[in-house]
Ligand SMILES: Nc1ncnc2c1ncn2[C@@H]1O[C@H](COP(=O)(O)OP(=O)(O)OP(=O)(O)O)[C@@H](O)[C@H]1O
């Protein structure tokens, strides 16, 4: 499971980002629900004043990360691959989520300058919106006092929201597709082989991927396996170039494509990988090969990955080089 959360100054585009995510079918957990539930538990009317009052009371009684803390079990109960958290207000909440979810938690900062945010607020006309730029500055100050700037500073990904709304929505879609990519790698460890030898072969191709040892149906045979995201493919990306095997690589990727176009599977020579090089065996090697499966949430994303890893070539050189992170 992966968790994504947006932070940013008032009117930077967090709600827009959440609604794009929701439209893509991703579950959005609203932190405000925790407060609304507490309001109900205290048998109060769900008015703005009661919600604000209970939120403040909770923070004073149980700390600034109280809402995050109470959201954690709700998130843990879910079984989706990707979940978005809406409504982070400060650094304490970010720290709580980082502690609970570690690497699985991706914090995204949405950056937009004050004057642009003010123009957008004037159009938004939400009941709590301001007519004067100084009121927006005051709102900024309140968010800063909760450490929004610190939360933005430690974000894993920064998205500039300085263009059109469509451009922004495309960036968020691209980000979600990027986060949904899953890479699975595995290789058999034969009784005659040393586990470290196989682990090194895998790490030579996939960098510092975390591996676990699994039993196989056959006695004395183990399998080393690991899962990762697009970052896991960065070293492979370099190897295709170093070994000058872009065309062969492309054939492997395309050859292993599933009928629905959402996953591809190919094998890499384990023995060759153990010495830090890479090629593709025609068939599974006698001692087993390295198996790689890449899964995406859309055909477009898969095509993007193909073009990024192994662009088409002309006279042996890539016709173009592209970024995989288009946000
Ligand atoms: N790139 C953009 N171009 C034009 N309008 C935009 C753009 N991004 C966001 N907006 C609009 O700006 C307004 C503020 O965005 P949004 O409500 O998503 O911000 P927010 O970060 O959730 O704000 P708050 O912190 O105040 O809840 C909305 O009306 C939204 O539709």
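The values are calculated or read from the model by the stated rules, or taken from the named source; none is laboratory data. Small disclaimer: the values here were computed from a predicted structure and weren't measured. Methodologically, a virtual Cβ is constructed for each residue, glycine included, from the backbone with ideal geometry; neighbour enumeration extends over all protein chains shown.
Just name the residue that is farthest from residue 155 (Cα to Cα) out of those in the stretch 30-43 that are crowded, with 18+ Cβ neighbours inside 10 Å and within 16 Å of the ligand (Cβ to nearest atom).
By that ranking, first place goes to 35.
Would the stretch 283-294 turn up any residue that is within 23 Å of the chain's Cα centre (by Cα) and within 30 Å of residue 160 (Cβ to Cβ)?
yes
How many residues, within the stretch 112-140, are under 23 Å from residue 172 (Cβ atoms), away from the ligand (no atom under 11 Å from the Cβ) and touching a helix residue (DSSP H, G or I) at 6+ places or on another chain (Cβ under 9 Å)?
2
For the condition more than 16 Å from the ligand (Cβ to nearest atom), in contact with a strand residue (DSSP E or B) (Cβ under 8 Å, 6 or more places away or on another chain) and in contact (Cβ under 8 Å) with a residue 60 or more places away in the chain, what is the one hit in 6, 97, 64?
The match here is 97.
Regarding residue 167, is this residue in a helix (DSSP H, G or I), near the ligand (Cβ under 9 Å from one of its atoms), more than 21 Å from residue 91 (Cβ to Cβ) and free of Cβ contacts under 8 Å to residues at least 60 places away in the same chain?
yes
Among the residues of the stretch 154-164, write down those that are within 7 Å of the ligand (Cβ to nearest atom) and under 14 Å from residue 14 (Cα atoms).
161
Please work out if residue 148 is within 12 Å of the ligand (Cβ to nearest atom) and modelled with pLDDT of 95 or more.
Criteria not met by residue 148.
Working only within the stretch 139-159, note down all residues that are buried (at least 18 other Cβ atoms within 10 Å of the Cβ), under 23 Å from the mean Cα position of the chain (by Cα) and in a helix (DSSP H, G or I).
148, 151, 152
If I go through the stretch 180-216 residue by residue, how many of them are outside any strand (DSSP E or B) and surrounded by fewer than 21 Cβ atoms within 10 Å (Cβ to Cβ)?
So the count comes out to 19.
Residues 15, 79, 109: which one is in the same structural domain as residue 175 (by TED's automatic domain parsing), exposed (fewer than 15 other Cβ atoms within 10 Å of the Cβ), within 14 Å of the ligand (Cβ to nearest atom) and touching a residue at least 60 places away in the same chain (Cβ under 8 Å)?
Answer to the check: 15.
Quick check on residue 52: is it surrounded by fewer than 20 Cβ atoms within 10 Å (Cβ to Cβ), within 16 Å of the ligand (Cβ to nearest atom) and in the same structural domain as residue 25 (by TED's automatic domain parsing)?
Considered against the rule, which asks whether it is surrounded by fewer than 20 Cβ atoms within 10 Å (Cβ to Cβ), within 16 Å of the ligand (Cβ to nearest atom) and in the same structural domain as residue 25 (by TED's automatic domain parsing), residue 52 comes out as yes.
Any idea which of 250, 223, 241, 277 is in a strand (DSSP E or B) and outside the structural domain of residue 106 (by TED's automatic domain parsing)?
223
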